[in-house]
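Here's the structure we're looking at; comments come further down.
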């Protein structure tokens, strides 16, 4: 177990991914004349400062539980903001929309978004449950981070945060080249949906919105579905722990809510699931190779 944990630590590249994302955000904003509302950054900056403050003292850095907790909370706060900014910049790239293609893929997969939306909204109790599940992602993420840290599962928290960072980066990068306005807007002529939650999309694409307010940002990445990515990662992070009793049922509902509440095509959901499965599989493979290499060095050199 100790050797496996050591092998995993060598793969901890989450801070490198975060640094690359922050640098890209900064350079893009400076190059295109974007601005950031300073007041909206204060809350995150204060929380990150408080969370990381104990790491300035060696005796706290040497405490495994405290170190993991401070590092993980600090990282989670920053990556969420960096990825949100990156998503807005990505949408402003204004590549041609692929909504028609995604709708055609849904048709091939025998999924009728409009029918599913009508059925869901016709059942208020089910619809409210989907809304709650979709909105639970932030709470779930913090619950999983805190649980893994407090139960001293360092390899698991490193795995979760590393996968989260890399998949957020990949998802937003992909969305630059395959942007979609979303199913609610595409089917607006046949189904009335409140699309106010996606009002920034057209403003970003037209260049009318170049000031970022972190307190009023919208989830605008359609392909692939980031909610799907995170739902699967959360389930994977708590495998073989008591938390599966809560996390897995909640995320099954979250996946069901993604087309209705999140405005995603089913193709978005499948794309999110595929890249997440691929990332998890690759990481498992790489960990095994790293562990084997480590064992071989121990055998050869003692």
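Being part of a helix (DSSP H, G or I) and surrounded by 14 or more Cβ atoms within 10 Å (Cβ to Cβ) is the filter here; which residues of the range 14-39 pass it?
Correct list: 14, 15, 17, 18, 20, 21, 22, 24, 25, 26, 28, 29.
Any residue that is touching a helix residue (DSSP H, G or I) at 6+ places or on another chain (Cβ under 7 Å) and under 17 Å from residue 28 (Cβ atoms) - is there at least one of those in the range 190-204?
Yes - at least one qualifying residue is present in the range 190-204.
Look at residue 82 and say whether it is modelled with pLDDT of 95 or more and closer than 30 Å to residue 19 by Cβ.
The answer is yes for residue 82.
Of everything in the range 220-240, what is without any contact (Cβ under 8 Å) to a residue 24 or more places away in the chain and assigned to a loop (DSSP other than H, G, I, E, B)? Give them in sequence order.
239, 240
Say we look at the range 279-292 and pick out the residues that are surrounded by 12 or more Cβ atoms within 10 Å (Cβ to Cβ) and more than 15 Å from the chain's Cα centre (by Cα); which of these is modelled with the lowest pLDDT?
It comes out as 291.
Does residue 243 meet the test of being touching a residue at least 24 places away in the same chain (Cβ under 8 Å) and more than 17 Å from the chain's Cα centre (by Cα)?
yes
Residue under question is residue 195, and the condition is that it be more than 17 Å from the chain's Cα centre (by Cα) and either buried (at least 17 other Cβ atoms within 10 Å of the Cβ) or closer than 30 Å to residue 284 by Cα (or both); does it hold?
Answer is no for this residue.
Here's the yes/no breakdown for (1) in a helix (DSSP H, G or I); (2) under 23 Å from the mean Cα position of the chain (by Cα); (3) at pLDDT below 95; (4) buried (at least 17 other Cβ atoms within 10 Å of the Cβ):
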residue	(1), (2), (3), (4)
86	yes, yes, no, yes
90	yes, yes, no, yes
95	no, yes, no, no
101	yes, no, no, no
104	yes, no, no, no
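What are the residues in the range 62-84 that are surrounded by fewer than 18 Cβ atoms within 10 Å (Cβ to Cβ), in contact with a helix residue (DSSP H, G or I) (Cβ under 9 Å, 6 or more places away or on another chain) and more than 24 Å from residue 200 (Cβ to Cβ), if any?
Matches in the range 62-84: 63, 64, 65, 66, 67.
With respect to residue 119, is the statement that it is in contact (Cβ under 8 Å) with a residue 24 or more places away in the chain and assigned to a helix (DSSP H, G or I) true?
No; evaluated as a whole, the condition is false for this residue.
So which of 131, 226, 172 is more than 17 Å from residue 253 (Cα to Cα) and out of contact with any strand residue (DSSP E or B) (no Cβ under 7 Å at 6 or more places or on another chain)?
Going through 131, 226, 172 in turn, just one is more than 17 Å from residue 253 (Cα to Cα) and out of contact with any strand residue (DSSP E or B) (no Cβ under 7 Å at 6 or more places or on another chain): 172.
Identify, by number, the condition in (1) in contact with a helix residue (DSSP H, G or I) (Cβ under 7 Å, 6 or more places away or on another chain); (2) within 20 Å of residue 28 (Cβ to Cβ) that residue 225 doesn't meet.
Failing condition for residue 225: (2).
Looking at (1) in contact with a helix residue (DSSP H, G or I) (Cβ under 7 Å, 6 or more places away or on another chain); (2) surrounded by fewer than 18 Cβ atoms within 10 Å (Cβ to Cβ); (3) over 29 Å from residue 35 (Cβ atoms), which one does residue 143 not meet, given that it meets all the others?
It fails just one condition, (1).
Looking only at the range 106-116, which residues are surrounded by 13 or more Cβ atoms within 10 Å (Cβ to Cβ) and touching a residue at least 40 places away in the same chain (Cβ under 8 Å)?
Correct list: 106, 111, 113, 114, 116.
Within the group 128, 59, which residue is farther than 30 Å from residue 29 by Cβ and modelled with pLDDT of 95 or more?
128
The values are calculated or read from the model by the stated rules, or taken from the named source; none is laboratory data. Here the structure is a predicted model, which means the values were calculated and not measured. Every residue, glycine as well, gets a Cβ built from its backbone with ideal geometry; the counts of neighbours run over all protein chains shown.
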